[in-house]
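Below is the structure I would like to discuss, written out as structure tokens.
The values are calculated or read from the model by the stated rules, or taken from the named source; none is laboratory data. Every value quoted in this text rests on a predicted model; they were computed, and no experiment measured them. Note that we place each Cβ from the backbone using ideal geometry, even for glycine, and neighbour counts take in every protein chain shown. Note: accessible area is taken over every heavy atom of the protein model, side chains too, but ligands, DNA and RNA are not part of it. Shrake-Rupley method; radii C 1.70, N 1.55, O 1.52, S 1.80 Å.
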Amino acid sequence: EPEVTQTPSHQVTQMGQEVILRCVPISNHLYFYWYRQILGQKVEFLVSFYNNEISEKSEIFDDQFSVERPDGSNFTLKIRSTKLEDSAMYFCASKEGNEQYFGPGTRLTVT
Amino acid sequence: SQKIEQNSEALNIQEGKTATLTCNYTNYSPAYLQWYRQDPGRGPVFLLLIRENEKEKRKERLKVTFDTTLKQSLFHITASQPADSATYLCALGKRGSSNTGKLIFGQGTTLQVKP
């Protein structure tokens, strides 16, 4: 069964460093998303991406964040200068119809 | 502001019983509502979607109801098993041409099924 994959599973970085989180969405899906979940809290929407552009972004998704679909399969989230409060699980999702399928997540730890 | 509430207290039930989880929302008119399962340290796994014009949806041992007047969805697991122990998330999707597919999640209810 097709699934969304994410790498790395765990990323540790120092405050102020740039990180890139990678996702491979399900191949025939056209809509892609990033969500995050701070430990013990809700899953929060960050950004949606369709037709090679951002279709919606949340208040969390400020200028430090960017997304890219560099080729036909990868979808990346870049955080330019990480802060301690960026520590969270980051989930990529892709959509068919209204059903979203999530990847296993990348645990980002900012020290 | 938009609010989605799920029972934050864990639900403990005996194996074989029916688990019923609740999702209430305010200040929102979703086009559809989805239920996900999340295990610790893992991503949400899609279970069921119900649209605003549907009252009930079933899939194997799962049943979802959606009452747009009460602004409430109920999620039932019949003949529950210890393997059903997990956190269950409800998520709302909005309607219309501005629908980018963004989901708004509740905080989840943890279900513990005891053998």
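Take the residues in the stretch B:95-115 that are at the interface with chain A (Cβ under 10 Å from one of its Cβ atoms) and modelled with pLDDT under 80; name whichever of them is nearest to residue B:8 (Cα to Cα).
The residue in question is B:99.
When only residues in the stretch A:8-41 that are within 22 Å of residue B:36 (Cα to Cα) and open to solvent by 80 Å² or more (accessible area, probe 1.4 Å) count, which is farthest from the other protein chains (Cβ to nearest Cβ)?
Looking at the filtered set, the residue picked out is A:27.
For the stretch A:85-111, enumerate the residues that are hydroxyl-bearing (Ser, Thr, Tyr) and either within 10 Å of chain B (Cβ to nearest Cβ) or open to solvent by less than 10 Å² (accessible area, probe 1.4 Å) (or both).
Selection gives A:90, A:94, A:101, A:106.
Hey, any hits in the stretch B:49-63 for a residue that's within 18 Å of residue A:35 (Cβ to Cβ), within 14 Å of chain A (Cβ to nearest Cβ) and not β-branched (Val, Ile, Thr)?
Among the residues of the stretch B:49-63, at least one is within 18 Å of residue A:35 (Cβ to Cβ), within 14 Å of chain A (Cβ to nearest Cβ) and not β-branched (Val, Ile, Thr), which makes the answer yes.
Next question, about the same structure. Does the stretch A:1-54 hold any residues that are without any contact (Cβ under 8 Å) to a residue 12 or more places away in the chain and in contact with a Phe, Trp or Tyr (Cβ under 7 Å, 6 or more places away or on another chain), and which are they?
Once the filter is applied, which keeps residues that are without any contact (Cβ under 8 Å) to a residue 12 or more places away in the chain and in contact with a Phe, Trp or Tyr (Cβ under 7 Å, 6 or more places away or on another chain), the stretch A:1-54 yields only A:42.
Kindly indicate the residue of the stretch A:69-85 that is in contact with a Phe, Trp or Tyr (Cβ under 9 Å, 6 or more places away or on another chain) and at pLDDT 95 or above and also nearest to residue A:53 (Cα to Cα) among those meeting that condition.
Among those residues, the one meeting the criterion is A:75.
Tell me which of these residue A:71 doesn't satisfy, since it passes every other one: (1) touching a strand residue (DSSP E or B) at 6+ places or on another chain (Cβ under 9 Å); (2) more than 29 Å from residue B:5 (Cα to Cα); (3) open to solvent by 20 Å² or more (accessible area, probe 1.4 Å); (4) not aromatic (Phe, Trp, Tyr).
(1)
Being more than 12 Å from chain A (Cβ to nearest Cβ), modelled with pLDDT of 95 or more and out of contact with any Ser or Thr (no Cβ under 7 Å at 6 or more places or on another chain) is the requirement here; does residue B:44 meet it?
no
Taking the conditions exactly as written (open to solvent by 20 Å² or more (accessible area, probe 1.4 Å), at the interface with chain B (Cβ under 9 Å from one of its Cβ atoms) and in contact with an Asp or Glu (Cβ under 8 Å, 6 or more places away or on another chain)), does residue A:50 satisfy them or not?
no
What single numbered condition from (1) open to solvent by less than 10 Å² (accessible area, probe 1.4 Å); (2) under 12 Å from the mean Cα position of the chain (by Cα); (3) touching a residue at least 40 places away in the same chain (Cβ under 8 Å) fails to hold for residue A:82?
Only one criterion in (1) open to solvent by less than 10 Å² (accessible area, probe 1.4 Å); (2) under 12 Å from the mean Cα position of the chain (by Cα); (3) touching a residue at least 40 places away in the same chain (Cβ under 8 Å) is unmet by residue A:82, namely (2).
What pairs come out if I take residues in the stretch B:68-95 that are without any contact (Cβ under 8 Å) to a residue 40 or more places away in the chain and pair them with residues that are open to solvent by less than 50 Å² (accessible area, probe 1.4 Å) whose C-beta lies under 7 Å away, six or more apart or interchain?
Note: pairs meeting the criteria are B:85/B:111; B:85/B:113.
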